[in-house]
Amino acid sequence: MSPRSTVVRGVVAGAAGHQKSNGPTHLYVLVHGLGGIPDDLSFLERCILRNAGQSALVLKPGCNVAAKSFDGVPNGAKRVATEIALVVAAHEKSLTHISLVGNSLGGLYARYCASVLYDPSTNTVAGLIPRHFLTTATPHLGVGPFGYLGFFPSAIRRLGGSLMGTTMKQLLLLDTDNTSPLLQQMADPSKGFVEALGAFRTRCAYANATNDFLVAYETASLDPDAGETLRNRKSSGKFYKPNNNGWGDTSVDGKSSIGGWAGSVGGFAGAARIVDERRVPAESSERFQKALKASSSTGDSQRVQRVIAAGLRTLEWHHVDVEFPGVAPLAHNKICALQRDPVTRWLFSEGEFVVEHQAEFLTRSEQRQ
């Protein structure tokens, strides 16, 4: 394992002050993002250990620190898979369940890693029962046309992607050498990626509604048309009620309603909050096929993102939308309460309530035991 990796077990003191000796049963893997370090998710680690106690074993892989995260999603994911396999082997007598958590790019690592470790004959991941799959501000649909990066011309984005390594090419959907982009392949229901993701009992995506400089709401929430929908609502002065399926696909007065939102979104004032939380049922794979067919016959710049979204939507998802109002676009690090040092803790500790919410979601079954 990487020397930067950490494996920590939760403990519960016995009546005489000694520690119970039962082995951990649930492995939580916390995967950091592009250019990150394992400590980026230290606050989530502490919350999980506090909630789950001795049943929890938390792995924070350190195999993709700094520049190592730029050599492509498959390479980084396989390194994470190797570390998971080592930890499982070291605790094979006690571990029974596994949950994967990915922050930003770490969410894509986790999705790919799940497919590497998935055994369809037993429906297990690394030989364990898959329980929760959770991402925070993950660019599931790639980056580029959304959010702040959308202000840059496509030519500039292509140049930047070619200069910043394989990972950025994949995030910008520029890895199209005689094949479809990797992120599109990872969303194809006919391939193993979606099957492995579907093995988890729950899939949950946390997304920043505003002020995320790196990963816009559209891509983190699997809704490529969310931006246009929101702009239409704001320009018309009307705010529509959320629709039935949560994706913004039905319409009210001829306009789509953005999934889950019940009021105005965005702005510079107000307190940080969880704006909405909802369960979105799985959709038919026919929608993926329709999106795939449309992508080859239209010049729409978001056609590939719609294909990716349709593929991922063939599974049920739990969605949590978060808002960090303010002038500075710091939400990307706030949503994970990144705390590497006193300075970053001061900047990003506002997001601790979101991380506590994540830990509650991930450990609720352990708390009932």
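The values are calculated or read from the model by the stated rules, or taken from the named source; none is laboratory data. Quantities reported herein were computed from a predicted structural model and do not represent experimental measurements. We place every Cβ from the backbone using ideal geometry, glycine too, and count neighbours over all the protein chains shown.
Among (1) surrounded by 23 or more Cβ atoms within 10 Å (Cβ to Cβ); (2) out of contact with any helix residue (DSSP H, G or I) (no Cβ under 7 Å at 6 or more places or on another chain), which single condition is D276 missing?
Every listed condition holds for D276 apart from (1).
Here's the yes/no breakdown for (1) buried (at least 24 other Cβ atoms within 10 Å of the Cβ); (2) over 30 Å from R306 (Cα atoms):
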{"site": "R50", "(1), (2)": "no, yes"}
{"site": "L57", "(1), (2)": "yes, yes"}
{"site": "A66", "(1), (2)": "no, yes"}
{"site": "T82", "(1), (2)": "no, yes"}
{"site": "A85", "(1), (2)": "no, yes"}
{"site": "N103", "(1), (2)": "yes, no"}
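Residues that are aromatic (F, W, Y): which strands (runs of 3 or more DSSP E) entirely in the range 1-112 hold 1 or more of them? Step through it out loud before you land on a result.
Details: elements: 6-9, 26-31, 56-60, 97-103.
Qualifying strands (runs of 3 or more DSSP E): 26-31.
Of these, D212, D300, D225, D249, which one is modelled with pLDDT under 50 and of a type in the set (D, E)? Spell out how you get there, then give the answer.
Working: D212 fails: modelled with pLDDT under 50; D300 fails: modelled with pLDDT under 50; D225 fails: modelled with pLDDT under 50.
Testing whether each residue is modelled with pLDDT under 50 and of a type in the set (D, E) leaves just D249.
Find all pairs meeting these conditions: Cβ atoms under 6 angstrom apart; at least six residues apart or on different chains; first residue within the range 183-197 and among the hydrophobic types (A, V, I, L, M, F, W, C); second residue outside any helix (DSSP H, G or I) and at pLDDT below 95.
Cβ pairs passing all conditions: L183/G142.
Given (1) in contact with a helix residue (DSSP H, G or I) (Cβ under 7 Å, 6 or more places away or on another chain); (2) closer than 20 Å to A137 by Cα; (3) polar (S, T, N, Q), identify the lone condition not met by T25.
That leaves (2) as the condition not met.
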